[in-house]
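J.: This is the structure I have questions about; it appears just below.
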Amino acid sequence: MTVAPERTALSVRPVAGHIGADISGVDLSAPLDEKTVAGLTDALHRYKVIFFRGQELDHAAQIRFGRHFGELTYAHPHDDAPPEGHPEIFTVDPERYAKRYGGEYTVRTRRKYSYVAGWHTDVTAAVNPPAASILRAEVVPEVGGDTTWTNLVAAYDGLSAPVRAFIDTLRAEHRYGGSDKPAGGSAYARRVNDNLLVAVHPVVRVHPVTGERALFVNPGFTSHIVDVEPRESRAILDLLYAELTRPEYTVRFRWEPGSVAFWDNRATAHLAPADLDHLDVRRTLHRVTVIGDRPVGPDGRESELLAGRPFTADHAVVVD
Ligand code: SIN
């Protein structure tokens, strides 16, 4: 698949060998024509994450932009207070978490700069994880705070043919809450544990648009490979996590106020920053997510829902 530059005035500049492109020549706050939306969609699917700078978006404009690519989800399955009048906006800000859930949230779970620490694909505990995520920076630190993405198609392709054939047959449970994280008795932990999200997904996902195969496990949400021994599951996941975090498949983005990152959540995992804990800095970003489909494996089998409900525009938090 190639981006057809003649279709659009967009400028698309790849920034790393396997993933990421800088896009210029578009004002995301303005109404976009079909040609531009098609050009951005092509670039998203080809480069997996696309970056914009100097954009002037407020919540309403970010939502309007996101809707060009599909219906948006509610902020997050466990969020109870999106910004007034904008239920689609999920704000990533450690001060906000600390205010809502107390010090225990930030200290014990150490999720200071994102909902999930470590490598993850957004909300894969849901049976239909978001198709795409759009993150906009409002306040960012002078130093540090970068986000890194990895290309899960390249990570799959990098495995040897026998290993690919083996993992094509596997399925894995993804969960948020219950026996897994977050631990502790904080209000946040209770909220998550009273609203479990659990799904079984294929370990290899076939992208519904590009037909590419991508690794679809991540340390943030995948609890185990099903139908194998726990020790086998650990060894298989260790192998796959080592592969998907290889530096050659990644790109790292330095945020400025007005930066936007738009990623294909069906073909990437990302890593929130971990270099700010010792610094007294603020970092506030806002995310919207496009409602996703149920993943399908190479054998044509769809994901199964084990707990919770699909992640849609509904406000999904059941227990306060
Ligand atoms: C996210 O996980 O969506 C947020 C990433 C970040 O804060 O860098």
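J.: Beta carbons within 10 angstrom, averaged per residue: use that to sort the peptides 273-284, 11-22, 190-201, highest first.
T.: Averaged packing, sorted descending, gives the order 190-201, 11-22, 273-284.
J.: How far apart, in nanometres, would the label points at Lys35 and Arg254 be if each is projected 7 angstrom from Cα along the Cα-to-Cβ direction?
T.: A separation of 3.4 nm, rounded to one decimal place.
J.: Now a separate question. Dipole magnitude of the chain about its Cα centre, charges +1 at Lys/Arg Cβ and -1 at Asp/Glu Cβ only, in debye to the nearest 20?
T.: 340
J.: Quick one: pull the percent of accessible area on the chain belonging to carbon and sulfur, 1.4 Å probe, ligands and nucleic acids left out.
T.: That share works out to 50 percent.
J.: How far is it, in nm, from the label point at Arg282 to the one at Val209 when both lie 7 Å from their Cα along the line to the Cβ?
T.: Each label point lies 7 Å from its Cα, and together they span 3.5 nm.
J.: Now for a separate question. Given the peptides 261-267, 289-295, arrange them by the average over their residues of other C-beta atoms within 10 Å, most packed first.
T.: In decreasing order of mean packing, 261-267, 289-295 become 261-267, 289-295.
J.: Could you tell me the distance between the Cα centroids of the range 259-320 and the range 64-86, to the nearest Å?
T.: First find each Cα centre; the distance between them is then 12 Å.
J.: State, to one decimal in nm, how far the label point of Asp146 lies from the label point of Ala161, with both points 7 Å from Cα in the Cβ direction.
T.: So the two model labels end up 3.7 nm from each other.
J.: Residues with amide H under 5 Å of Arg171's amide H, sequence separation 5 or more or different chain, H placed in the peptide plane at 1.01 Å from N; which?
T.: Distant-sequence amide H within range of Arg171: Val203, Val226.
J.: Follow-up question, since we're still on this one. Which value, in Å², gives the accessible area per residue of the chain when a 1.4 Å probe is used on the protein heavy atoms?
T.: So the chain comes to 41 Å² accessible per residue, rounded to a whole number.
J.: Please give the contour-minus-distance gain from Val226 to Asp299: 0.36 nm per residue of separation, less the Cα-Cα distance, rounded to one decimal in nm.
T.: 24.7 nm
J.: So what's the Cα pair-distance distribution over the range 11-307, bin width 10 Å, in %?
T.: Taking every Cα pair in the range 11-307, the percentages come to 6, 29, 37, 23, 5, 0.
J.: Amide H neighbours of Ala132 under 5 Å, counting only residues 5+ apart in sequence or on other chains, H built in-plane at 1.01 Å?
T.: So Ala132 has HN proximity to Asn265, Val290.
J.: Right, next: Kyte-Doolittle mean at least -1.0 and Cα extent at least 18 Å along the axis: which DSSP H helices of the chain qualify?
T.: 34-47, 230-244
J.: First select every other residue whose beta carbon is under 10 angstrom from the beta carbon of Leu57; then total the charges, Lys and Arg +1, Asp and Glu -1.
T.: -2
J.: Another question about this same structure. Per DSSP H run of at least 4 residues, take -39500 (n - 2.57); add these up for the chain, divide by its residues and hand me the 222 nm value, nearest 500 deg cm²/dmol.
T.: -6500 deg cm²/dmol
J.: Find the relative contact order for the range 191-288 and round it to a whole percent, using C-alpha pairs within less than 8 Å whose residues are 6+ positions apart.
T.: 22
J.: Return, ordered by residue number, the residues of the range 281-309 whose backbone nitrogen is under 14 Å from a label point located 7 Å along Cα→Cβ of Val139.
T.: 281-286
J.: Given an 8 Å cut-off on Cα distances and at least 6 residues of separation, report the relative contact order of the range 11-307 as a percent.
T.: 33
J.: Follow-up question, since we're still on this one. May I ask you to compute the full-extension gain from Ala60 to Ala274, defined as 0.36 nm times their residue separation minus their alpha-carbon distance, rounded to one decimal in nm?
T.: The Ala60-Ala274 span can extend by a further 74.1 nm.
The values are calculated or read from the model by the stated rules, or taken from the named source; none is laboratory data. Just so we're clear, the structure is a prediction, and the values are computed from it rather than from any experiment. When we count neighbours, we look across all protein chains shown, and the Cβ atoms used for this are built from the backbone with ideal geometry, even at glycine. In case anyone asks, the SASA skips ligands and DNA or RNA and just uses the protein heavy atoms, side chains included. Shrake-Rupley method; radii C 1.70, N 1.55, O 1.52, S 1.80 Å.
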